[in-house]
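See structure below.
Each reported figure results from applying straightforward, stated rules to the coordinates on display, with no laboratory input. Keep in mind that what you see is a predicted model, and the values were worked out from it rather than measured. Heads up, the Cβs are rebuilt from the backbone with ideal geometry, glycines too, and the neighbour counts pull from every protein chain shown.
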Amino acid sequence: MIYVALAALLWGLGGALAGRFMGEISPSVLIPLRFLLSFFLLLPLVLRFPPATKEWPRLLRVGLALSGAQAFYYLAIHATTVATGIFLQYLAPALLTLYALLKGEKLPGKALLGVAVALLGAYVLVGPKGFTANPVGVAYGLLSALSFALYAAFSHGLKTPPLVSLGVATGVGSLLSLPILLGNLPRVWTLDPGDWGAVAYLVVLGTVVPFGLFLLGVRTVPARSATLTAMLEPVAGAVFAWPLAGEPLSLEGLLGGTLILLGVALNRR
């Protein structure tokens, strides 16, 4: 669980830093660049430690799910707000809990209460004013939640080393987004040094390291618990945004963060 918590902290730090130094970068540029540069960074590991043949079908599904989670998340943010995108993506643990119930799995009452409390906390944290009910944006956000849930479910129990798994997954994302990148090359050439610094951060400390940690954690932690623990991301983002982006914590932020922490604690086994 500690690996997933560390991943959430890095994702939250990335969001806070983005609010300070990241310029306007179109999703059609940012998403393909993030996948492609992450893949190039991890390719030597994939070549040095190739996955077992029997793992490839699952790894491809992990790649498709990661591609959807990232693409739909950025599209949701672009169509609505960051707060909306974060809240909707973190409906993933609720979807996994619902799936477990539909399968007839018996979950302890405190686990169900924990999911409900954490979701309430996420809503309070972003604030009703931060939730923009744009139908298209909400649809993207729900698709990002579904993709994130599938990403965690497909990753559970993988034997392939986490960074090798992530290398394959980002390779899938690179192939899917390559046509979009090629069609937006003129925009890529207009990125300034600050933009490239933001992209570099998102590649290394916003993608490779945290997603590697998440994959390491979800190998042994159930997908529902892992995605719920990942809800520490908006809490970390709110805390880091105070010193880094000059956005002080509000009373709603403190209450929402406390509820999320309580929800995560209720789901500890």
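Across the chain, how many lysine pairs, 8 or more positions apart or on different chains, have C-alpha atoms separated by under 30 Å? Please give the number.
Numbers: K54/K103; K54/K159; K103/K159; K106/K159; K110/K129.
Count of close lysine pairs: 5.
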>> Counting pairwise Cα distances across the chain, what percent come out greater than 33 angstrom?
In response: 16 percent
> For the peptides 166-174, 251-259, what is the packing order when you average, over each peptide's residues, the other Cβ atoms within 10 Å and list the highest mean first?
Replying inline: 166-174, 251-259
>> Can you work out the Karplus-derived ³J(HN,Hα) for every residue in segment 39-52? Use 6.51 cos²θ - 1.76 cosθ + 1.60 with θ = phi - 60°, whole Hz, and x for glycine or proline.
In response: 5, 4, 5, 9, 4, x, 5, 5, 6, 6, 10, x, x, 5
> Per residue of the chain, what 222 nm ellipticity follows from adding -39500 (n - 2.57) for every DSSP H run with n ≥ 4, rounded to the nearest 500?
Replying inline: -25500 deg cm²/dmol
> What shape does segment 85-228 have by the C-alpha gyration tensor, where a ≥ b ≥ c are the square roots of the eigenvalues, rounded means a/c under 1.5, and otherwise prolate means a/b greater than b/c and oblate the rest?
Replying inline: oblate
> Which whole-angstrom value gives the distance between the alpha carbon centres of segment 191-235 and segment 133-188?
Replying inline: 12 Å
> Under a plain spin-label model, where a point goes 7 Å from the Cα along Cα-to-Cβ, how far apart in nm are K103 and L205?
Replying inline: 3.7 nm
